[in-house]
Amino acid sequence: PDIKIDPDETMIISPDEGGMVKCMYYSSVMGIDLVMFYKRRDYSVIVNGKNPIVAHEYLGRDVKDKDVIIVDDMISSGDSVIDVAKQLKEKGAKRVFNFATFGLFTEGLEKFDDYYKNGLIDKVFTTNLIFQPQELLDREWYCSVNMSKYIALIVETLNYDNSISQLLNPAERIKAILQKYNQI
């Protein structure tokens, strides 16, 4: 999709302390500010197979009129990412993008439809590393990130008994992609 990101007007958001290392990397490579949420769960109770979140508190600078990129490992039910998006919009964030490696959407797509329709999320990006039903691919708010090229590169590298260490440190490729994209 044609989405321009201005590093001075964009922030990387970690929805919890567990995602901070990954978000710190992206923030550093892309030259974008980083903020996070603190997620506290009640480990004495299990509801629908998980410990409920009792606090999801924003820790960071002002997001007013900024584009925000929420980065997480996966979207399971979507409750966390939707709560984060809602709080960011309430704080004045301009656009909200969700990036996750795996999009499971275990509780359906309808709540994302509603949040998109109401302007609380702008786009959700997940990879094709798991099955993606056509009903997900058809959503206006959804963007599939094709990882086939990178998986093939890893397999080829390993088949030739070469090190994948360069593949695991993509900082220069990310910078080149950002520079090329921002010149368009």
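The values are calculated or read from the model by the stated rules, or taken from the named source; none is laboratory data. Owing to the predicted nature of the structure, the values given are computational and were not obtained by experimental measurement. When we count neighbours, we look across all protein chains shown, and the Cβ atoms used for this are built from the backbone with ideal geometry, even at glycine. SASA here: full protein model, heavy atoms, side chains in, ligands and nucleic acids out. Shrake-Rupley method; radii C 1.70, N 1.55, O 1.52, S 1.80 Å.
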Only Lys, Arg (+1) and Asp, Glu (-1) charged, at Cβ; the stretch 49-90 dipole about Cα centre in debye: 60 debye
Dipole moment magnitude, nearest 20 debye, the stretch 68-184 about Cα centre, only Lys, Arg, Asp, Glu C-beta charged: 600 debye
Hz values of 3J(HN,Hα) by residue in the stretch 119-127 - Karplus curve (6.51, -1.76, 1.60), Gly and Pro given as x: x, 8, 10, 9, 8, 10, 10, 9, 8
Positive dipole terminus of the chain, leading residue within V96, N48, N146 (C-beta point charges): V96
C-alpha long axis of helix 148-159 to longest principal axis of the chain, angle in °: 50 degrees
Bridge type composition, the stretch 39-117 - antiparallel percent by DSSP, nearest 5: 35 percent
Helix-derived mean residue ellipticity, 222 nm - over the chain, DSSP H n ≥ 4, -39500 (n - 2.57), to 500: -9500 deg cm²/dmol
Fraction of accessible area attributable to carbon and sulfur, the chain (%, probe 1.4 Å): 54 percent
Cα-derived Rg over Rh, computed across the chain with Rh taken as Kirkwood radius: 0.97
Å² per residue, accessible surface of the chain at 1.4 Å: 59 Å²
Under 15 Å, Cβ to Cβ, from N169 - net charge with Lys/Arg +1 and Asp/Glu -1: +2
